[in-house]
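A short write-up of the structure that comes next.
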Amino acid sequence: WNTRPTAHNLFWALKRMRRVIHDSIENKLDMSEVSARLEEEAKKIMDEDIWSNIRLGEYGAQLVPDNATILTHCNAGALATAAFGTAEGVMRVAWYKGKKIKVIATETRPVLQGARLTVWELVKEGIPVTLITDNMVGYVMRKGLVDLVIVGADRVTREGYVVNKIGTYMIALSAKRNNIPFYVAAPTSTIDLESTINDVIIEERNPDEVRKVIDKYITLPEVPALNYAFDITDPDLVTAIITEKGIIKPPFDENLRKILS
């Protein structure tokens with residue numbers, strides 16, 4: 001039952017599928033019936049994810065002023081979910097409601113999810129988007145080009161630590177310094193009330209992803225490279241967490257439990 005180790009919703013979905021298997025074994029169902037039940041549960045998970053993203057988007061859009069410029073990082077859109085997206089879902093709802101938003105998307109090295117996926121999604125939606133390099137974030141904030149930040153999350157711990165794509169922590173620090181709201185769009189399937197931040201495993205990926213861009217070496221092939229896929233953002237840097245059940249504000253250690261109870 002292994003998945004990529006950092007994202008919580010993968011484990012959450014696997015646990016649901018395991019329960020179906022265990023119940024099927026206890027009821028002595030044959031393999032065709034087990035398969036049908038697993039497919040039914042998978043469809044439920046997909047439908048729930050779409051509904052959650054739409055509701056999350058509706059809550060989050062309340063936080064977006066008209067004419068706002070939103071900075072986002074990596075991809076938390078329809079391509080990263082069953083449909084609609086989390087962070088991008090907030091932008092979609094705000095756009096559908098007639099708010100004249102603009103988006104600044106980071107390229108998101110080393111795999112370029114922002115440049116390859118987020119920009120593509122937003123352009124298809126008709127939402128104005130500008131691409132920047134990851135290391136430009138602080139300067140565009142200092143210049144007053146960003147009104148708020150909305151990112152997704154791969155895991156939110158019970159204390160309110162946000163585990164997300166590498167680079168999120170630096171963005172949160174810069175937002176704090178520049179008095180810019182930093183919002184995290186995370187369905188409740190991403191919230192892990194069982195683990196503390198010390199339990200989280202940060203995935204390390206192939207160092208060639210850092211040494212290459214689109215399969216071409218940009219440095220010496222033999223140079224050592226670190227490739228942490230995620231980082232950790234402290235609760236005090238987060239303005240609010242947007243879920244399908246509502247907007248959660250600090251103190252997160254108390255309010256995460258309340259909204260999930």
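Here, each number is a calculation from the coordinates, and none is a lab measurement. Remember, it's a predicted structure, so these values are computed and weren't measured experimentally. Don't worry about glycine lacking a Cβ; one is built from the backbone with ideal geometry, like all the others, and counts go over all protein chains shown.
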If you take every DSSP beta bridge fully contained in the chain, what fraction is antiparallel? Give it as a percent rounded to 5.
40
Kirkwood Rh over alpha-carbon pairs of the stretch 54-177 plugged into Stokes-Einstein at 37 °C, 0.692 mPa s gives a D in µm²/s of 229
Quick one: net charge around Phe230, please, counting Lys, Arg +1 and Asp, Glu -1 for every other residue with C-beta under 12 Å from its C-beta.
0
Which order do peptides 213-223, 19-29, 100-110, 72-82 fall in by mean Cβ count within 10 Å, highest first?
72-82, 100-110, 19-29, 213-223
Assign unit charges at the C-beta atoms only (+1 for Lys and Arg, -1 for Asp and Glu), then state the dipole size of the stretch 8-260 relative to its Cα centre in Debye, rounded to the nearest 20.
840
Which residue, chosen from Gly138, Tyr59, Pro250, occupies the Cα position most advanced towards the positive end of the dipole of the chain, where the dipole is computed from +1 (Lys, Arg) and -1 (Asp, Glu) charges on Cβ about the Cα centre?
Gly138
Taking Rh as the Kirkwood radius, which is the inverse of the mean 1/r over Cα pairs, what is the Rg/Rh value for the stretch 140-261?
1.05
If the limit is 20 Å between Cα atoms, which of Lys97/Lys124; Lys15/Lys44; Lys43/Lys258; Lys97/Lys176 go over it?
Lys43/Lys258; Lys97/Lys176
Once both labels are modelled 7 Å past Cα along the beta-carbon direction, what's the Asn198-Lys245 spacing in nm?
2.6
Rounded, prolate or oblate: which fits the stretch 51-126 when a ≥ b ≥ c are the square roots of the eigenvalues of the alpha-carbon gyration tensor, with rounded for a/c under 1.5 and prolate only if a/b beats b/c?
oblate
Of Ala185, Ala229, Ala42, the most mobile residue in a GNM of the chain (C-alpha springs, cutoff 10 Å) is Ala42
Over the chain, with a Gaussian network built from C-alpha contacts below 10 Å, which listed residue (Met136, Met91, Met170) shows the highest mean-square fluctuation?
Met136
How do the peptides 151-157, 121-127, 192-198 rank, highest first, by the average count of neighbouring beta carbon atoms within 10 Å per residue?
151-157, 121-127, 192-198
For an R0 of 25 angstrom, estimate the FRET efficiency from the Cβ-Cβ distance between Tyr228 and His22 and round to the nearest 0.05.
0.10
Expressed in whole Å with the largest first, what are the equivalent ellipsoid semi-axes of the stretch 8-260 derived from the C-alpha gyration tensor as the square root of 5 times each eigenvalue?
31, 23, 19
Options Leu112, Pro224, Val200, ranked by Cα towards positive dipole end of the stretch 8-260, top entry (Cβ charges)
Leu112
For Leu38 and Asn179 in one chain, what is 0.36 nm times their gap in residues minus the Cα-Cα distance, to one decimal in nm?
46.1 nm
For the chain, what does the relative contact order come out to in percent, with C-alpha contacts under 8 Å and a separation of six or more?
20
